[in-house]
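These notes concern the structure reproduced below.
The values are calculated or read from the model by the stated rules, or taken from the named source; none is laboratory data. Since we're looking at a predicted model, the values are computed, not measured. Because the Cβ atoms are built from the backbone with ideal geometry, glycine has one as well, and the counts that use them run over all protein chains shown. Note: areas computed on protein heavy atoms with side chains; ligands, DNA, RNA excluded. Shrake-Rupley method; radii C 1.70, N 1.55, O 1.52, S 1.80 Å.
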Amino acid sequence: MENNLQISKETITLVTNCEQECLPIFQKIDAQCEQNSIKVLNSFHKNRINESHFSQTTGYGYNDLGREAIENVFKDIFQCEDALVRNQFISGSHALTVCLFALLRPNDTLLSICGKPYDTLDEVIGLKENASSLQSYGIKYHQIDLLNNDFDYDKITDYLSHNKVKVIEIQRSKGYSTRKSLSLKKLEKVIKLIKKIDKDIIVMVDNCYCEFVSSQEPTSIGADIMVGSLIKNLGGGIAPNGAYIAGRHDLIELCAARLTLPGEGREVGPTLGINKQILQGIYMAPSVVAAALKTAVLTACVLEKLGYEVEPKYTEERIDIVQSIIFKDENKLIEFTRGIQQASAIDSQAIVEPSAMPGYDDKIIMASGSFIQGSSIELSCDGPLREPFIAYMQGSLTYPYGKIGLLTAVERILNN
Ligand SMILES: *Cc1c(COP(=O)(O)O)cnc(C)c1O
(Lines give C-alpha, C1' and ligand atoms only; values in the text may rest on other atoms or scores of the structure.)
Protein backbone atom coordinates (compact mmCIF):
# COMPACT_ATOMS: atom_id res chain seq x y z
CA MET A 1 0.00 0.00 0.00
CA GLU A 2 1.42 3.36 -1.09
CA ASN A 3 0.79 6.02 1.50
CA ASN A 4 2.27 9.25 2.73
CA LEU A 5 1.42 8.36 6.33
CA GLN A 6 4.65 6.32 6.51
CA ILE A 7 3.18 3.16 7.88
CA SER A 8 5.67 0.34 8.26
CA LYS A 9 5.30 -3.13 6.73
CA GLU A 10 5.12 -4.60 10.25
CA THR A 11 2.13 -2.48 11.21
CA ILE A 12 0.36 -3.29 7.95
CA THR A 13 0.94 -7.01 8.44
CA LEU A 14 -0.31 -6.87 12.03
CA VAL A 15 -3.50 -5.03 11.10
CA THR A 16 -4.18 -7.15 8.01
CA ASN A 17 -3.80 -10.37 10.00
CA CYS A 18 -6.17 -9.07 12.65
CA GLU A 19 -8.63 -8.10 9.93
CA GLN A 20 -8.79 -11.74 8.81
CA GLU A 21 -9.66 -12.79 12.35
CA CYS A 22 -12.43 -10.20 12.50
CA LEU A 23 -14.22 -11.31 9.31
CA PRO A 24 -16.84 -13.51 11.04
CA ILE A 25 -17.72 -10.59 13.34
CA PHE A 26 -17.90 -8.22 10.36
CA GLN A 27 -20.47 -10.56 8.80
CA LYS A 28 -22.72 -10.23 11.84
CA ILE A 29 -22.35 -6.45 11.73
CA ASP A 30 -23.38 -6.48 8.05
CA ALA A 31 -26.47 -8.55 8.88
CA GLN A 32 -27.43 -6.08 11.60
CA CYS A 33 -26.89 -3.22 9.16
CA GLU A 34 -29.28 -4.83 6.69
CA GLN A 35 -31.98 -5.19 9.33
CA ASN A 36 -31.68 -1.56 10.36
CA SER A 37 -31.62 -0.43 6.72
CA ILE A 38 -34.93 -2.21 6.16
CA LYS A 39 -36.31 -0.45 9.22
CA VAL A 40 -35.27 2.95 7.82
CA LEU A 41 -36.60 2.23 4.34
CA ASN A 42 -39.93 0.97 5.70
CA SER A 43 -40.40 4.17 7.65
CA PHE A 44 -39.52 6.31 4.59
CA HIS A 45 -42.10 4.39 2.56
CA LYS A 46 -44.75 4.49 5.25
CA ASN A 47 -44.37 8.27 5.55
CA ARG A 48 -44.23 8.73 1.76
CA ILE A 49 -41.02 10.73 1.87
CA ASN A 50 -40.80 12.85 -1.28
CA GLU A 51 -39.03 15.89 -2.64
CA SER A 52 -41.43 18.34 -1.01
CA HIS A 53 -39.97 17.26 2.34
CA PHE A 54 -36.63 18.82 1.35
CA SER A 55 -38.21 22.28 1.45
CA GLN A 56 -37.39 24.65 4.28
CA THR A 57 -39.01 27.14 6.59
CA THR A 58 -37.52 30.30 8.07
CA GLY A 59 -38.66 32.67 10.82
CA TYR A 60 -41.15 30.95 13.15
CA GLY A 61 -41.05 27.77 11.12
CA TYR A 62 -44.79 27.11 10.99
CA ASN A 63 -46.09 24.26 8.81
CA ASP A 64 -42.75 22.67 8.08
CA LEU A 65 -43.77 19.53 6.17
CA GLY A 66 -40.27 18.10 6.11
CA ARG A 67 -39.79 18.57 9.84
CA GLU A 68 -43.06 16.78 10.56
CA ALA A 69 -42.18 13.94 8.18
CA ILE A 70 -38.75 13.54 9.81
CA GLU A 71 -40.32 13.28 13.25
CA ASN A 72 -42.71 10.60 11.95
CA VAL A 73 -39.79 8.70 10.42
CA PHE A 74 -37.91 8.72 13.75
CA LYS A 75 -41.06 7.71 15.62
CA ASP A 76 -41.57 4.70 13.35
CA ILE A 77 -37.93 3.61 13.46
CA PHE A 78 -38.04 3.76 17.26
CA GLN A 79 -41.48 2.12 17.45
CA CYS A 80 -42.73 4.76 19.87
CA GLU A 81 -45.58 7.28 20.08
CA ASP A 82 -43.78 10.47 19.21
CA ALA A 83 -40.43 12.13 18.47
CA LEU A 84 -38.96 15.59 18.51
CA VAL A 85 -36.05 15.96 16.05
CA ARG A 86 -34.71 19.47 15.98
CA ASN A 87 -31.75 21.53 14.85
CA GLN A 88 -32.59 23.92 17.71
CA PHE A 89 -31.05 21.31 20.01
CA ILE A 90 -27.38 22.26 20.02
CA SER A 91 -26.33 18.70 20.78
CA GLY A 92 -27.17 15.62 22.81
CA SER A 93 -26.28 17.34 26.10
CA HIS A 94 -28.72 20.15 25.32
CA ALA A 95 -31.51 17.69 24.49
CA LEU A 96 -30.85 15.80 27.74
CA THR A 97 -31.05 19.12 29.60
CA VAL A 98 -34.30 20.13 27.91
CA CYS A 99 -35.74 16.71 28.73
CA LEU A 100 -34.79 16.89 32.41
CA PHE A 101 -36.12 20.43 32.84
CA ALA A 102 -39.29 19.42 30.97
CA LEU A 103 -40.06 16.41 33.14
CA LEU A 104 -39.04 17.59 36.62
CA ARG A 105 -40.72 20.09 38.95
CA PRO A 106 -39.62 21.58 42.32
CA ASN A 107 -39.38 18.93 45.06
CA ASP A 108 -39.30 16.10 42.52
CA THR A 109 -36.47 13.59 42.70
CA LEU A 110 -34.23 12.58 39.82
CA LEU A 111 -32.55 9.22 40.33
CA SER A 112 -29.62 7.94 38.30
CA ILE A 113 -29.19 4.16 38.55
CA CYS A 114 -25.90 3.85 36.70
CA GLY A 115 -23.67 6.05 38.79
CA LYS A 116 -22.79 9.59 37.86
CA PRO A 117 -24.30 10.69 34.54
CA TYR A 118 -22.30 12.09 31.63
CA ASP A 119 -19.84 14.86 32.57
CA THR A 120 -21.72 17.67 30.82
CA LEU A 121 -24.70 17.06 33.13
CA ASP A 122 -22.76 17.93 36.32
CA GLU A 123 -23.76 21.59 36.24
CA VAL A 124 -27.20 20.79 34.82
CA ILE A 125 -28.04 18.61 37.83
CA GLY A 126 -26.13 20.79 40.28
CA LEU A 127 -23.40 18.31 41.20
CA LYS A 128 -21.19 21.26 40.35
CA GLU A 129 -22.43 24.66 41.45
CA ASN A 130 -24.39 26.53 38.80
CA ALA A 131 -27.05 29.16 39.45
CA SER A 132 -29.25 27.66 36.70
CA SER A 133 -29.04 24.00 37.74
CA LEU A 134 -31.98 21.69 38.46
CA GLN A 135 -30.93 21.93 42.11
CA SER A 136 -31.42 25.71 42.04
CA TYR A 137 -35.09 24.97 41.26
CA GLY A 138 -35.37 22.65 44.25
CA ILE A 139 -35.09 19.42 42.30
CA LYS A 140 -33.48 16.65 44.31
CA TYR A 141 -30.94 14.19 42.97
CA HIS A 142 -29.87 10.75 44.12
CA GLN A 143 -27.65 8.19 42.51
CA ILE A 144 -27.14 4.46 42.81
CA ASP A 145 -23.91 3.05 41.43
CA LEU A 146 -23.64 0.01 39.22
CA LEU A 147 -22.60 -3.28 40.80
CA ASN A 148 -20.22 -5.43 38.74
CA ASN A 149 -21.25 -3.67 35.53
CA ASP A 150 -24.93 -4.35 36.11
CA PHE A 151 -27.71 -2.49 37.90
CA ASP A 152 -27.77 -2.84 41.69
CA TYR A 153 -31.27 -4.36 41.69
CA ASP A 154 -31.45 -4.68 45.49
CA LYS A 155 -30.45 -1.09 46.18
CA ILE A 156 -32.84 0.16 43.51
CA THR A 157 -35.71 -1.86 45.01
CA ASP A 158 -34.88 -0.63 48.48
CA TYR A 159 -34.62 3.03 47.46
CA LEU A 160 -37.83 3.01 45.42
CA SER A 161 -39.71 1.29 48.23
CA HIS A 162 -38.93 4.19 50.58
CA ASN A 163 -38.75 7.22 48.29
CA LYS A 164 -40.96 8.83 45.68
CA VAL A 165 -39.02 9.27 42.44
CA LYS A 166 -40.23 11.21 39.40
CA VAL A 167 -37.59 10.40 36.79
CA ILE A 168 -34.98 7.65 36.57
CA GLU A 169 -32.11 8.37 34.22
CA ILE A 170 -30.23 5.49 32.61
CA GLN A 171 -27.15 6.19 30.53
CA ARG A 172 -26.38 3.22 28.29
CA SER A 173 -23.00 4.22 26.93
CA LYS A 174 -20.13 4.44 29.38
CA GLY A 175 -19.09 8.05 28.78
CA TYR A 176 -15.66 8.80 30.27
CA SER A 177 -15.89 5.97 32.82
CA THR A 178 -14.32 2.55 33.15
CA ARG A 179 -17.59 0.65 33.34
CA LYS A 180 -19.18 -1.39 30.56
CA SER A 181 -22.03 -0.03 28.50
CA LEU A 182 -25.48 -1.39 29.35
CA SER A 183 -27.22 -3.92 27.12
CA LEU A 184 -30.91 -3.84 26.23
CA LYS A 185 -31.35 -7.11 28.11
CA LYS A 186 -30.20 -5.52 31.36
CA LEU A 187 -32.24 -2.42 30.58
CA GLU A 188 -35.38 -4.44 30.02
CA LYS A 189 -34.91 -6.28 33.30
CA VAL A 190 -34.43 -3.11 35.36
CA ILE A 191 -37.34 -1.28 33.66
CA LYS A 192 -39.66 -4.21 34.52
CA LEU A 193 -38.50 -4.02 38.13
CA ILE A 194 -38.99 -0.24 38.31
CA LYS A 195 -42.47 -0.35 36.77
CA LYS A 196 -43.51 -3.14 39.13
CA ILE A 197 -42.67 -0.95 42.11
CA ASP A 198 -44.12 2.28 40.71
CA LYS A 199 -45.56 2.37 37.21
CA ASP A 200 -45.64 6.19 37.22
CA ILE A 201 -41.87 6.63 37.36
CA ILE A 202 -40.62 8.04 34.08
CA VAL A 203 -37.72 5.99 32.73
CA MET A 204 -35.48 8.24 30.66
CA VAL A 205 -32.61 6.77 28.65
CA ASP A 206 -29.51 8.55 27.41
CA ASN A 207 -29.13 6.55 24.18
CA CYS A 208 -26.08 8.41 22.82
CA TYR A 209 -23.79 6.17 20.70
CA CYS A 210 -26.15 3.18 20.91
CA GLU A 211 -28.57 3.71 18.02
CA PHE A 212 -28.56 0.99 15.35
CA VAL A 213 -25.97 -1.08 17.18
CA SER A 214 -28.67 -3.59 18.11
CA SER A 215 -31.93 -4.47 16.37
CA GLN A 216 -34.02 -2.67 18.98
CA GLU A 217 -33.97 0.64 20.81
CA PRO A 218 -34.90 1.36 24.47
CA THR A 219 -38.37 2.69 23.57
CA SER A 220 -39.39 -0.72 22.24
CA ILE A 221 -38.46 -2.45 25.49
CA GLY A 222 -40.29 -0.21 27.94
CA ALA A 223 -38.35 3.08 28.26
CA ASP A 224 -40.70 6.07 28.41
CA ILE A 225 -38.38 8.53 26.73
CA MET A 226 -34.90 8.53 25.22
CA VAL A 227 -32.43 11.08 23.96
CA GLY A 228 -29.60 11.09 21.43
CA SER A 229 -27.39 13.34 19.38
CA LEU A 230 -27.45 13.87 15.60
CA ILE A 231 -23.71 14.43 15.46
CA LYS A 232 -23.43 10.83 16.55
CA ASN A 233 -25.03 7.64 15.14
CA LEU A 234 -28.34 8.80 13.67
CA GLY A 235 -26.99 11.85 11.87
CA GLY A 236 -25.03 9.45 9.65
CA GLY A 237 -22.27 12.06 9.43
CA ILE A 238 -24.51 14.23 7.28
CA ALA A 239 -26.85 16.03 9.70
CA PRO A 240 -25.01 19.28 10.54
CA ASN A 241 -26.22 19.45 14.15
CA GLY A 242 -29.23 18.69 16.32
CA ALA A 243 -30.59 15.96 18.52
CA TYR A 244 -33.74 13.95 19.10
CA ILE A 245 -36.02 13.05 21.97
CA ALA A 246 -38.39 10.14 21.36
CA GLY A 247 -40.96 8.27 23.40
CA ARG A 248 -44.36 8.80 25.02
CA HIS A 249 -46.49 11.49 23.36
CA ASP A 250 -47.38 13.36 26.58
CA LEU A 251 -43.70 13.59 27.57
CA ILE A 252 -42.62 14.74 24.11
CA GLU A 253 -45.18 17.55 24.34
CA LEU A 254 -43.60 18.67 27.62
CA CYS A 255 -40.16 18.65 25.99
CA ALA A 256 -41.40 20.65 23.00
CA ALA A 257 -42.88 23.29 25.32
CA ARG A 258 -39.57 23.55 27.16
CA LEU A 259 -37.45 23.69 23.99
CA THR A 260 -39.56 26.46 22.44
CA LEU A 261 -42.33 27.92 24.58
CA PRO A 262 -45.51 26.79 26.28
CA GLY A 263 -48.34 27.36 23.83
CA GLU A 264 -46.26 27.02 20.69
CA GLY A 265 -44.32 23.86 21.47
CA ARG A 266 -43.55 21.76 18.43
CA GLU A 267 -45.45 24.01 15.99
CA VAL A 268 -42.46 26.32 15.67
CA GLY A 269 -38.79 25.78 14.81
CA PRO A 270 -37.45 26.80 11.39
CA THR A 271 -35.44 24.10 9.63
CA LEU A 272 -33.43 26.57 7.52
CA GLY A 273 -32.77 24.06 4.75
CA ILE A 274 -31.45 21.07 6.66
CA ASN A 275 -34.38 18.64 6.21
CA LYS A 276 -32.70 16.88 3.32
CA GLN A 277 -29.49 16.44 5.28
CA ILE A 278 -31.34 14.98 8.24
CA LEU A 279 -33.23 12.57 5.99
CA GLN A 280 -30.09 11.59 4.14
CA GLY A 281 -28.28 11.20 7.47
CA ILE A 282 -30.80 8.75 8.90
CA TYR A 283 -30.78 6.92 5.55
CA MET A 284 -26.99 6.48 5.77
CA ALA A 285 -26.92 5.84 9.52
CA PRO A 286 -27.18 2.01 9.50
CA SER A 287 -24.17 1.74 7.16
CA VAL A 288 -22.17 4.40 8.95
CA VAL A 289 -22.80 2.74 12.32
CA ALA A 290 -21.67 -0.57 10.76
CA ALA A 291 -18.45 1.08 9.52
CA ALA A 292 -17.85 2.51 12.98
CA LEU A 293 -18.45 -0.89 14.58
CA LYS A 294 -16.02 -2.66 12.25
CA THR A 295 -13.41 -0.01 12.97
CA ALA A 296 -13.95 -0.52 16.70
CA VAL A 297 -13.71 -4.32 16.46
CA LEU A 298 -10.50 -4.15 14.42
CA THR A 299 -9.04 -1.62 16.84
CA ALA A 300 -9.79 -3.86 19.81
CA CYS A 301 -8.26 -6.87 18.08
CA VAL A 302 -5.03 -5.05 17.13
CA LEU A 303 -4.53 -3.43 20.53
CA GLU A 304 -5.24 -6.70 22.33
CA LYS A 305 -2.52 -8.31 20.20
CA LEU A 306 -0.19 -5.49 21.25
CA GLY A 307 -0.88 -6.33 24.90
CA TYR A 308 -3.19 -3.49 25.86
CA GLU A 309 -6.34 -3.90 27.86
CA VAL A 310 -9.36 -2.92 25.80
CA GLU A 311 -13.07 -2.59 26.52
CA PRO A 312 -15.00 -4.24 24.98
CA LYS A 313 -12.77 -7.07 23.80
CA TYR A 314 -12.95 -7.63 20.09
CA THR A 315 -15.11 -10.76 20.39
CA GLU A 316 -17.51 -9.25 22.95
CA GLU A 317 -21.08 -8.12 22.26
CA ARG A 318 -21.24 -4.42 21.31
CA ILE A 319 -23.68 -2.07 22.99
CA ASP A 320 -22.39 1.15 21.44
CA ILE A 321 -19.77 2.32 18.93
CA VAL A 322 -17.20 3.32 21.54
CA GLN A 323 -13.92 1.43 21.88
CA SER A 324 -11.85 2.06 25.01
CA ILE A 325 -8.16 1.38 25.09
CA ILE A 326 -6.69 1.44 28.56
CA PHE A 327 -3.17 2.69 27.90
CA LYS A 328 -2.04 3.18 31.53
CA ASP A 329 0.49 5.54 29.97
CA GLU A 330 -0.10 9.23 29.32
CA ASN A 331 2.30 9.38 26.38
CA LYS A 332 0.71 6.44 24.54
CA LEU A 333 -2.76 8.00 24.94
CA ILE A 334 -1.48 11.26 23.49
CA GLU A 335 0.42 9.60 20.62
CA PHE A 336 -2.47 7.32 19.66
CA THR A 337 -4.83 10.30 19.59
CA ARG A 338 -2.35 12.26 17.47
CA GLY A 339 -2.23 9.37 15.02
CA ILE A 340 -6.00 9.46 14.58
CA GLN A 341 -5.83 13.21 13.93
CA GLN A 342 -2.97 12.75 11.48
CA ALA A 343 -5.08 10.36 9.38
CA SER A 344 -8.16 12.63 9.37
CA ALA A 345 -9.41 14.27 6.20
CA ILE A 346 -9.74 17.67 7.85
CA ASP A 347 -7.13 19.42 10.01
CA SER A 348 -4.67 16.55 9.57
CA GLN A 349 -1.77 18.96 10.12
CA ALA A 350 -2.95 19.87 13.61
CA ILE A 351 -0.92 18.39 16.46
CA VAL A 352 -3.49 17.78 19.16
CA GLU A 353 -2.69 18.91 22.70
CA PRO A 354 -4.56 18.21 25.97
CA SER A 355 -6.69 21.19 26.94
CA ALA A 356 -9.51 22.35 29.21
CA MET A 357 -13.06 21.99 27.81
CA PRO A 358 -16.26 23.63 29.04
CA GLY A 359 -18.39 21.07 30.92
CA TYR A 360 -15.46 18.75 31.73
CA ASP A 361 -13.27 18.57 34.85
CA ASP A 362 -9.98 17.15 33.61
CA LYS A 363 -7.95 18.25 30.63
CA ILE A 364 -9.15 16.42 27.54
CA ILE A 365 -7.16 15.29 24.54
CA MET A 366 -9.29 15.07 21.44
CA ALA A 367 -8.73 14.08 17.84
CA SER A 368 -11.64 15.13 15.73
CA GLY A 369 -10.58 16.00 12.21
CA SER A 370 -14.19 16.06 11.20
CA PHE A 371 -16.36 17.77 8.60
CA ILE A 372 -18.81 18.70 11.36
CA GLN A 373 -17.32 20.28 14.48
CA GLY A 374 -17.09 17.76 17.32
CA SER A 375 -18.87 15.09 15.32
CA SER A 376 -18.01 11.76 16.88
CA ILE A 377 -19.71 9.52 14.34
CA GLU A 378 -16.72 10.60 12.25
CA LEU A 379 -13.47 8.90 13.23
CA SER A 380 -12.51 10.48 16.51
CA CYS A 381 -10.66 9.70 19.67
CA ASP A 382 -10.65 11.44 22.98
CA GLY A 383 -9.95 10.95 26.63
CA PRO A 384 -9.42 12.80 29.87
CA LEU A 385 -5.82 13.13 31.03
CA ARG A 386 -6.25 11.08 34.19
CA GLU A 387 -5.40 7.57 35.35
CA PRO A 388 -5.61 4.99 33.81
CA PHE A 389 -5.25 7.06 30.59
CA ILE A 390 -8.06 5.63 28.54
CA ALA A 391 -8.59 6.52 24.89
CA TYR A 392 -12.23 6.49 23.84
CA MET A 393 -12.26 5.94 20.12
CA GLN A 394 -15.35 5.95 17.97
CA GLY A 395 -16.79 6.51 14.56
CA SER A 396 -15.60 6.50 10.98
CA LEU A 397 -17.91 7.28 8.10
CA THR A 398 -16.42 4.36 6.16
CA TYR A 399 -14.49 1.29 7.24
CA PRO A 400 -11.42 1.93 5.01
CA TYR A 401 -10.93 5.38 6.57
CA GLY A 402 -11.28 3.81 10.01
CA LYS A 403 -8.67 1.19 9.20
CA ILE A 404 -6.25 3.81 7.85
CA GLY A 405 -6.74 5.85 11.02
CA LEU A 406 -5.97 2.80 13.12
CA LEU A 407 -2.85 1.97 11.09
CA THR A 408 -1.56 5.50 11.59
CA ALA A 409 -2.30 5.55 15.31
CA VAL A 410 -0.69 2.13 15.86
CA GLU A 411 2.40 3.21 13.95
CA ARG A 412 2.71 6.19 16.27
CA ILE A 413 2.47 4.24 19.52
CA LEU A 414 5.00 1.71 18.25
CA ASN A 415 7.49 4.46 17.44
CA ASN A 416 6.97 6.85 20.36
C1 LIG B 1 -21.79 12.30 23.71
C2 LIG B 1 -22.65 11.96 24.84
C3 LIG B 1 -23.52 12.89 25.39
C4 LIG B 1 -23.57 14.32 24.94
O5 LIG B 1 -23.83 14.48 23.58
P6 LIG B 1 -23.25 15.77 22.82
O7 LIG B 1 -23.94 15.70 21.50
O8 LIG B 1 -21.77 15.60 22.73
O9 LIG B 1 -23.64 16.95 23.63
C10 LIG B 1 -24.32 12.49 26.44
N11 LIG B 1 -24.27 11.25 26.91
C12 LIG B 1 -23.44 10.32 26.41
C13 LIG B 1 -23.42 8.95 27.00
C14 LIG B 1 -22.61 10.64 25.37
O15 LIG B 1 -21.78 9.73 24.86
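What the table below lists for this structure:
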| read-out | value |
| --- | --- |
| Residue among 392, 159, 401 with the largest mean-square fluctuation in a Gaussian network model of the chain, springs linking Cα atoms under 10 Å | 159 |
| Between 0 and 90°, nearest 10: helix 153-162 axis offset from the chain longest Cα axis | 20 degrees |
| Relative packing of 281-293, 131-143, which averages over residues the other C-beta atoms within 10 Å, highest first | 281-293, 131-143 |
| For the chain, cysteines whose Cβ has no other cysteine Cβ within reach (under 4.7 Å) | 22, 33, 80, 99, 114, 208, 210, 255, 381 |
| Mean-position separation - Cα centroids, the range 270-299 and the range 142-172, in angstrom | 33 Å |
| Per residue, in Å², the accessible surface of the chain once ligands and nucleic acids are set aside, probe 1.4 Å | 43 Å² |
| Among the listed pairs 155/232; 116/180; 195/313, those beyond 25 Å (Cα-Cα) | 155/232; 195/313 |
| Antiparallel content of DSSP bridges confined to the chain, in %, to 5 | 65 percent |
| Positive dipole terminus of the range 49-278, leading residue within 95, 214, 55 (C-beta point charges) | 214 |
| Ratio Rg/Rh, restricted to the range 270-415 and using Cα atoms, in which Rh is the Kirkwood radius | 0.98 |
| The range 1-107: trypsin sites (Lys or Arg not before Pro) falling in loop per DSSP and having at most 13 other Cβ within 10 Å | 48 |
| Sorted largest first, extent of the range 254-302 alpha carbons per principal axis (Å) | 54, 23, 13 |
| Dipole magnitude of the chain about its Cα centre (Cβ charges: Lys, Arg +1; Asp, Glu -1), debye to nearest 20 | 540 debye |
| Antiparallel bridges, percent of DSSP beta bridges restricted to the range 49-278 (to nearest 5) | 40 percent |
| In nm, spacing of pseudo-spin labels at residue 220 and residue 60 (7 Å Cα→C-beta vector) | 3.8 nm |
| Inter-label distance, nm, simple model (7 Å from Cα along the C-beta direction), residue 116/residue 20 | 4.5 nm |
| Within the range 20-35, backbone nitrogen closer than 17 Å to the virtual label 7 Å beyond the Cα of residue 315 toward Cβ | 20-29 |
| Ratio Rg/Rh [Cα only; Rh per Kirkwood] for the range 49-278 | 0.97 |
| Magnitude of the charge dipole, the range 49-278, Cβ model with Lys/Arg +1 and Asp/Glu -1, debye to 20 | 520 debye |
| Span per principal axis, largest first, for the Cα atoms of the range 1-124 (Å) | 60, 44, 31 |
| log₁₀ of I(q)/I(0) at q = 0.18, 0.20, 0.21 Å⁻¹ - the range 60-144, Debye sum with one point per alpha carbon | -0.87, -0.96, -1.00 |
| Carbon plus sulfur fraction of accessible area for the range 167-223, probe 1.4 Å, in percent | 52 percent |
| For the chain, convex hull volume per residue from C-alpha positions, Å³ | 139 Å³ |
| Label zone at residue 357, where the point sits 7 Å out along the Cα-to-Cβ direction: the range 378-416 residues whose backbone N lies under 17 Å | 378-396 |
